[in-house]
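Below: the structure, in structure tokens.
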């Protein structure tokens with residue numbers, strides 16, 4: 001019976017409610033006591049945890065965007081160079097190649113789009 005309801009659930013909140021209802025039914029059948037007041041506190045702290053992770057990812061991406069923009073403007077300080085090198089790690093992009101400005105612009109645009117998506121995901125939930 002649980003499988004039918006889980007397949008029909010549309011989002012994470014609905015799945016959470018279905019699973020909580022099933023757990024509550026099992027506890028009633030076996031006679032276990034379950035504090036109902038404690039659930040709201042745990043749920044709100046869980047929401048804060050995922051929201052904080054999203055906000056941290058947005059903050060990290062904004063810092064990276066700032067450093068990439070600073071490098072594109074001509075800042076060659078060691079911290080900036082290290083950050084830019086890490087941003088392009090795993091690619092065949094050399095920081096001193098002639099078309100690095102184009103690659104920086106593409107990477108900055110990608111990060112901005114990612115931030116926009118993360119911000120929309122944070123605000124819709």
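None of the figures in this text is laboratory data; all of them are computed from the coordinates on show. Computed from a predicted structure; not experimentally measured. We place every Cβ from the backbone using ideal geometry, glycine too, and count neighbours over all the protein chains shown.
Values computed for the structure shown
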read-out: Cα-based shape type of the stretch 71-125, given that a ≥ b ≥ c are square roots of the gyration tensor eigenvalues and the cut on a/c is 1.5; value: prolate
read-out: Sites residue 86 and residue 10 - FRET efficiency at Förster radius 30 Å, r taken between beta-carbons, to 0.05; value: 0.15
read-out: Interatomic Cα distance distribution for the chain, bins of 5 angstrom, percent; value: 2, 9, 14, 14, 11, 10, 8, 7, 7, 7, 6, 4, 2, 1, 0
